[in-house]
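Read through the structure below, which is laid out as structure tokens, and then see the notes.
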Amino acid sequence: MDHRFVTALEKALDWVGPSALGAGFARGRIEDLELLDRLLNPNKLLDLVMRRSVNTPQFRIFQEGSELHPGRYINPAVTRRGQAIPMADMRRVGSLMREGCTMVLDEVDFFDPMMEATCRAIQWWARELVQVNAYLTTKDASGFKLHWDDHDVLIVQLSGQKSWEVRGASRPAPMYRDSAPTSEPSQEIVWQGTMKAGDVMHIPRGFWHQATRDDQGDGYSLHATFGIVKRVGVNWLTWLADQARTEESFRHDLDRWNVPERWEAQQHQLAQAVARMAAEQSPQDFFHARERERLAARHIPATGLFGKPKAVVCVTDFEPVIQQHSDTVDVLAAGKKLTFARKAHPALALLLSGHPVHVAEGAAKTGVDVEQLAEILLKEELCTELTPELSSAYTGLITSGTS
């Protein structure tokens with residue numbers, strides 16, 4: 001999937017591929033401000049908040065570095081049947097913004113097709129799960145206090161400006177669930193400055209940072225933080241433990257009542273089995289299994305009630321694996337293995353490219369019955385029908401395909 005935003009990120013940070021994620025702090029600039037405005041702007045963010053049911057912790061507002069009680073800006077809308085639906089009170093939200101505050105909407109990709117498609121493009125590129133949070137700060141409001149994240153982040157200043165301080169890590173590779181706390185900030189200042197519209201920054205996991213507008217006066221800042229959760233050795237060991245369930249020796253009770261010789265024999269047997277499994281099932285095997293087994297992202301399932309689909313797009317969290325054999329083609333994705341005749345390969349490659357595909361154009365381009373293949377991929381939930389809203393999220397943002 002060739003997405004303009006991913007290409008712009010690589011160019012801004014002088015990266016070739018995702019291998020630099022987590023390797024070190026990096027800064028750069030995207031000159032295409034129109035592209036960033038397409039992704040998100042203040043009016044669009046407020047519109048998302050206004051038209052959807054939101055509640056903490058997904059939607060939060062901060063003043064003077066402290067989180068406000070949601071009762072100050074969320075007012076449940078009560079239906080005529082007495083059902084309460086949490087909705088942002090936009091008058092109160094507007095009043096807080098005029099005073100100066102920071103509004104946070106987590107998982108914007110959950111609400112907005114544009115950000116959904118953008119996160120999917122980053123996931124296919126990084127081969128890791130991604131979510132995006134938006135931060136809108138008005139006037140001279142301060143942001144979060146000095147803190148660190150348990151995942152790598154890509155920060156994109158969409159509009160306005162904000163002052164940042166980034167420090168190094170005080171503990172190597174800290175985790176959310178760790179063996180020791182990471183509570184003492186590092187004294188090493190990696191970068192201090194102002195992020196302006198178009199600036200991008202990569203902060204690795206564990207690096208301390210804070211952002212504020214308390215030195216900016218009037219104005220505002222809108223930035224998006226793309227959180228990228230990379231797998232660590234502990235995740236591989238957890239996966240190995242799950243694989244151990246297939247071994248009979250790991251399903252037997254641990255011996256604790258017999259003589260020590262029996263305990264030692266069982267320990268030796270299990271230790272040998274662990275060593276063998278670790279040698280035979282590598283971290284790369286874990287990566288492949290995780291990507292192929294993860295179910296497709298949230299989408300509208302094919303029903304066939306509204307006519308045949310005119311256009312479709314692949315919605316798997318990771319790029320499907322297509323394996324060619326002498327007479328067949330296998331597709332591995334979303335926990336499934338689908339087998340097709342070899343002649344279907346050109347059409348499958350197109351339909352699973354991550355780009356929207358118009359069925360009629362795909363048939364003309366490949367000479368294959370794309371309509372039949374599309375119906376199968378819709379039924380198996382690797383693809384979804386392209387709605388006007390989803391189509392707008394791709395139009396002009398991918399560099400190839402038939403959108």
TODO: Scan (1) assigned by TED's automatic domain parsing to the domain that holds residue 239; (2) in contact (Cβ under 8 Å) with a residue 60 or more places away in the chain for the single condition residue 300 breaks and write down its number.
DONE: (1)
- [ ] Working only within segment 186-216, note down all residues that are under 18 Å from residue 171 (Cα atoms), of a type outside the set (A, V, I, L, M, F, W, C) and touching a residue at least 40 places away in the same chain (Cβ under 8 Å).
- [x] 204, 205, 206, 209, 210
Task: Selection status of residue 168, more than 23 Å from the chain's Cα centre (by Cα) and at pLDDT 95 or above - done: yes
- [ ] Output the strands (runs of 3 or more DSSP E) that fall wholly within segment 196-245 and possess 1 or more residues being modelled with pLDDT under 95, β-branched (Val, Ile, Thr) and over 23 Å from residue 318 (Cβ atoms), or say none.
- [x] 207-212
Open item on the list: I'm told residue 51 meets every condition in (1) under 27 Å from the mean Cα position of the chain (by Cα); (2) within 19 Å of residue 211 (Cα to Cα) except one. Can you identify the failing condition by its number?
Closed with: (2)
TODO: Name the single residue, out of those in segment 175-201 being farther than 20 Å from residue 45 by Cα and of a type in the set (A, V, I, L, M, F, W, C), that is surrounded by the fewest Cβ atoms within 10 Å (Cβ to Cβ).
DONE: 180
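Residues are listed down the side, and each one gets a yes or a no for (1) surrounded by fewer than 17 Cβ atoms within 10 Å (Cβ to Cβ); (2) of a type in the set (Asp, Glu); (3) over 30 Å from residue 45 (Cα atoms); (4) outside the structural domain of residue 130 (by TED's automatic domain parsing):
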residue: 173; (1), (2), (3), (4): yes, no, yes, no
residue: 219; (1), (2), (3), (4): yes, no, no, no
residue: 251; (1), (2), (3), (4): yes, no, yes, yes
residue: 264; (1), (2), (3), (4): yes, yes, yes, yes
residue: 267; (1), (2), (3), (4): yes, no, yes, yes
Task: Residues within segment 134-152 that are assigned to a strand (DSSP E or B) and surrounded by fewer than 18 Cβ atoms within 10 Å (Cβ to Cβ), tallied - done: 1
- [ ] Considering only segment 328-390, give the strands (runs of 3 or more DSSP E) lying wholly within it that have at least 2 residues that are under 21 Å from residue 298 (Cα atoms), modelled with pLDDT of 95 or more and touching a Pro at 6+ places or on another chain (Cβ under 8 Å).
- [x] 328-333
- [ ] Answer with yes or no whether residue 335 is in contact with a Lys or Arg (Cβ under 8 Å, 6 or more places away or on another chain) and of a type in the set (Gly, Ala, Ser).
- [x] yes
Open item on the list: Suppose we keep only residues that are among the basic types (Lys, Arg) and either outside any loop (DSSP other than H, G, I, E, B) or farther than 30 Å from residue 241 by Cα (or both) within segment 270-320. Which one would you say is modelled with the lowest pLDDT?
Closed with: 308
- [ ] Give the residue that is nearest to the chain's Cα centre (by Cα), with candidates limited to residues of segment 175-194 that are assigned to a loop (DSSP other than H, G, I, E, B) and within 16 Å of residue 24 (Cβ to Cβ).
- [x] 186
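The values are calculated or read from the model by the stated rules, or taken from the named source; none is laboratory data. In this text, all values refer to a predicted model and were calculated from it rather than measured experimentally. Note that we place each Cβ from the backbone using ideal geometry, even for glycine, and neighbour counts take in every protein chain shown.
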